[in-house]
Structures are given as structure tokens and as C-alpha cells.
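Working notes, structure below.
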Amino acid sequence: MSDPRGNISDQRGGVYVDTTQITTTQPEADALVLFGATGDLAKRKLFPSLYALEKSGTLHVPVIGVARSDWSDDEFRQHARESIEEHVTDPDPDVIDSLESRLDLIQGDYSSDATWQELCDTLDRLESSTAVFYMAIPPTMFPTVAEALAAIGLNERGRIVVEKPFGRDLESAVELNRILHSVFPEDHIFRIDHYLGKEAVEDLLVFRFANTLLEPVWNRHYVRSVQVTMSESIGIEGRGSFYEGVGAIRDVLQNHLLQVVALLAMEPPAGSDPGFLQDEKAKVINAMRPIDSNALVRGQYVGYRDEPGVAEDSEVETYVAARLEIDSWRWAGVPWYVRVGKGLTEAATEAVIELKSPPRMLFDEVDSPVPERNLIRLRLGNNDGVTFALQAKTPGPNMDSQEVDVDVDFAAALGERQEAYERLLGDALMGSLRRFARQDVVEGTWRVVQPALDDPGPIFPYFRKSWGPSEADAILVNDDDIWYPPSPAR
Ligand code: BG6
């Protein structure tokens, strides 16, 4: 059954995407409309990204902020300047000036017709036919704004960018997508997951599929386990009331972490068309079993309940560890361990591929140590790079082995890389969907975490600067499995 925009519903009420209908490259935008322009996301990420685009000469459009704050254009420009000065090292004043000259603010309520009329008049005056409507607003507002755009016909004159989380669970994600699809076709909905804009995350594709060395071992015959850790040393940083409604499963596991797992586990895409990449991600997420509640442990750091905006008896998790199963020919039987948490020892995002042990070495001495397993560590955070932990002979009379690391630091080897938001904002303006999340993939990730949302189970306390609750060890399959600490920051 297809909806008015040509999106096709499946029998579960979700949408499967007819990739032949999707145009992955679209015309370049001629205006950027920023809903929530005076909010936190705009301040922390969007203005610094616009500055970077301006600096590199890739920003060519007017930027119209829309917000409820009662500010003048000048106050808005001053706010943008302050945000850049706070978040960019040594900003160039001339670049800030030229960015400021692009900025205007429409002040008004999203429920007022006058706000939408003013936006429409502004876009008419600018002769804009292809705007990017960026929703830097709370997710509960997405439907209101999308429907208001449609009521005045602006949905025919642009595309929308929506921030995660896309819904709160599978049902609400399906409903949100239904509403957005009643207004925009799938290829005009750019769902941001900023992890997809990180160079090191995108590199997983190149690393896997441009290195012949890896493919023969990247499967259940050689891989013993895969671990993906996203640890943050910070707490919730004053975002208590937001975080209380979300928790670690919704905040990062369902989106950032599962997107990374999909890139690590998927089959090679059939070709360079971005639709093929999304198809492979959808397939591997579909092969993932919904998380068994016995294979998931939630934790909360001690002190969380004292944070402003947090309930004193809150059961919201700031940590989650889970074992995923991917029931495919490549991965059946291989445990995928994932964990995310705030207030942990170290800030890191790292995937560790643990290879199976070789047979006992024939030249091994009696009682000599068994060689450690080979590890491939893919660092995806600020210290991005890759380390192969291999075995080499320990100097001396015995044929013993010890770990030696073959290590590449991407910053040193590859030089400066763009920030995730800068790349994604640039992509949205250029009309490239490649680094955005497709609807069926998003719904598939909700299906995987849904049992943990329905039946979250107990919550275990942990101290800050630890690696989370020790109860997480219970989900490791083998007696000698361990949670590998991520590589230290450099
Ligand atoms: C966001 C989450 O999506 O990602 C935050 O809402 C989290 O809670 C952040 O801190 C982490 O992003 P990064 O890029 O710093 O790893």
C-alpha cells in the first residue's frame, strides 16, 4: 500500500523503502532555515559548523533562524558570534562577519499562522525553491513543524533535516515516519545521526572493503567476538530533564552504536549508489535478534539522582551493556558485545574484533604461555586510528610470544578532518543522502532494542570513573571473555 508521497507500507505498519524511487542526489539548496536557532544544538554545533563551511567557501545560502525567543536580528547575530567564539579555536573575524551577513531571525510561535506566513514571504523574497528546513527542536515538535510547512506549501520547496532520536520506540518511530511521509517523500527526509558524519566511522567501510587482507577473516570462522564500547567520562552535563526522558538505550545505543555495528557487520554494498549501502545496513539489522533481556544490563552512576532535573528515585540508565546476536551466515554464533555509558573511566569509542586462537604452536615449549588472541582495535573517537595487536617472539631462549602493536594514528597519518556536523550540514545543503539514516534502518534498530524498553529489568549502581557495574560481566558468554578496556586517549 503506498501513501500520497509514494512511500510503501509493509504489513507491520512500518515502511519498506522502494530504493528505485529514491533520488540520492538532489539539487543544491538555496536557503537554510534553522528551526530552534536560539537553542542549545545550534549554539554548540550548528553555528560552529556554519562558520567552518563559510571559512572553506562552501556556504553560499542565506540562513534564516526561526525561534520563539524575542530577539532582534542583531541579538541573533551576536548570539551566533558568541557561539563561534566559544567553540572554535582562533576564529577569523572576517569569516564571522561574512557568516553574520547571511543571518536573519524570524521570531514567532510555531503554532501561529503569522510565523509561517513570514517564513513563506521571506523565502519568496529570496526566490528560494529548494530550502533546507533543519529541525533543531525537541522531537515532539517535528510533526507540528512538518505539518505547518505543508499547510503553507513549503514542503514542495525543500527538504527537512531531523535530529535523532526518531521516536521513543518502534511504535512512535513508525508513527513519526508516517506523519513525515504524509508531508515529505522519503528522499526529502534527512535523518541526522552525527556518528555517520564522523570520518573514522565512515572509514569502517573503506577499511573493510578496500583491504583484501581483512575480508577472509571477517566472519564467524575466524572472529571469536566483537566488542563496541562508547564510553564517556562526562556525566549528563546539566541535561537532566532531557536525559530523564531518554536514558542510554534511546540516547545512543539504538542509534549511534547500532549504526556502527551495522557498518562493522554488513555485507559489501552492490555498488556505489548510496541506496545499496542502506540496503546492506537494513539487511544486517534485520538479521539481528531483538535483544534478549537476559543479555542486557543497565547501570546508573552514583550521584546521577542528585543532578538537577533528575528524579530522586530515577531508574533511568546512564550505562547499558548488551550482547547482540546476528543470525546470518557471516555471524551466527559470534557474540557482539556493546556497551555505552556516562561517567566512565575514559572517553572512547572503539570496536575490538577478537580473532580466534590459533592451534597450540608446535614449536611451543612445555609450560610456556599460550599466545594471546589477535585483536583489531578500531578507534572511532578523538584518538581515531587502528591497531592490530599481533604476536611476536619474546627475545630469549624460549619460543614464547608476546603482543606487539601495529598502530596507525589517523590524525598523524591523514591530517585534519572535518567535524561530523560540518560534513552533515554540508551534505544536507548539497542534497546528498549518503551519510543520513534511512527509515527502514531506523525502525529496524528500534525493533532490536524494543524488548529492553518493554522490560528494562533492574538497574545497578556504579561509581564514576569506573567501567560500569560488574554485573555486566554476566552477559559474557565464555569464562575467559573479558571487556577489553578501550585504548587510552592520546
Ligand atoms: C549525542 C548524545 O547524540 O552524542 C549525547 O545525545 C552524547 O548524550 C553525544 O554525549 C556523544 O557524541 P560524541 O560525538 O561526543 O561521541
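For region 322-431, chymotrypsin sites (Phe, Trp or Tyr not before Pro) are listed when DSSP marks them as loop and at most 13 other Cβ atoms sit within 10 Å of their Cβ; the list is Trp329, Phe363.
Entry note, the chain: relative contact order of 19 percent, from Cα contacts under 8 Å with a spacing of 6+ residues.
Taking the Cβ-Cβ separation of Glu315 and Met399 as r and a Förster radius of 56 Å, what is the calculated FRET efficiency to the nearest 0.05? Intermediate values should be presented prior to the final figure.
Numbers: r = 54 Å, r/R0 = 0.96.
According to the calculation, E is roughly 0.55.
In the chain, the convex hull through the Cα atoms has an average projected area of 25.1 nm², a quarter of its surface area. The simple Förster model, with R0 at 35 Å and r as the Cβ-Cβ distance, assigns Glu215 and Ser101 a FRET efficiency of 0.10.
Beyond 14 Å, what percent of the Cα pairs of region 175-255 remain? It would help to have the intermediate numbers written out before the result.
Details: 2576 of 3240 pairs.
Result: 80 percent of Cα pairs exceed 14 Å.
Taking amide H as placed 1.01 Å from N in the peptide plane, the amide H of Ile106 sits under 5 Å from that of Gly65, Val66, Ala67, each at least 5 places away or on another chain. Note on the chain: with charges restricted to the Cβ of Lys and Arg (+1) and Asp and Glu (-1), its dipole about the Cα centre is near 1120 debye.
For region 79-202, the fraction of 1.4 Å probe accessible surface lying on carbon and sulfur atoms is 46 percent. Ordered by 1.4 Å accessible area with all protein chains kept, Thr349, Thr58 run largest first as Thr58, Thr349. Hydrodynamic radius of region 298-431 by the Kirkwood approach over all distinct alpha-carbon pairs: 19.5 Å. Between Asn382 and Ala270, the modelled labels are 4.3 nm apart [label points 7 Å from Cα along Cα→Cβ].
Would you calculate, for the chain, the mean residue ellipticity at 222 nm contributed by helices, counting each DSSP H stretch of 4 or more residues as -39,500 (n - 2.57) and dividing by all residues, to the nearest 500? Please list the in-between numbers first.
Working: 13 runs with 138 residues, N = 490.
Mean residue ellipticity, 222 nm, calculated: -8500 deg cm²/dmol.
I need to check one value: relative contact order of region 292-364, counting alpha carbon pairs closer than 8 Å and at least 6 residues apart, in percent. Don't skip to the answer; put the middle values down first.
On the way: 69 pairs, mean separation 17.2, N = 73.
Relative contact order for region 292-364 comes out at 24 percent.
Peptides 399-407, 100-108 ordered by packing proxy, namely the average of other Cβ atoms within 10 Å per residue, highest first: 100-108, 399-407. When only Cα pairs below 8 angstrom with a gap of at least 6 residues are kept, region 267-416 shows a relative contact order of 13 percent. Here r is the Cβ-Cβ distance between Asp109 and Val206 and R0 is 45 Å; the resulting FRET efficiency, rounded to 0.05, is 0.45. One Cα centroid belongs to region 285-306, the other to region 53-131; the line between them spans 40 Å. Of the residues Phe207, His221, Gly197, the one whose Cα sits farthest toward the positive end of the charge dipole of region 161-250, with +1 on the Cβ of Lys and Arg and -1 on the Cβ of Asp and Glu, is His221.
When +1 charges are put on Lys and Arg Cβ atoms and -1 charges on Asp and Glu Cβ atoms, the dipole computed for region 333-460 relative to its Cα centre reaches about 420 debye. Given a 1.4 Å probe and the protein chains as shown, His60 ends up with an accessible area of around 120 Å².
The values are calculated or read from the model by the stated rules, or taken from the named source; none is laboratory data. Here the structure is a predicted model, which means the values were calculated and not measured. When we count neighbours, we look across all protein chains shown, and the Cβ atoms used for this are built from the backbone with ideal geometry, even at glycine. For the accessible areas, the whole protein counts, side chains as well, though only heavy atoms, and no ligand, DNA or RNA atoms are used. Shrake-Rupley method; radii C 1.70, N 1.55, O 1.52, S 1.80 Å.
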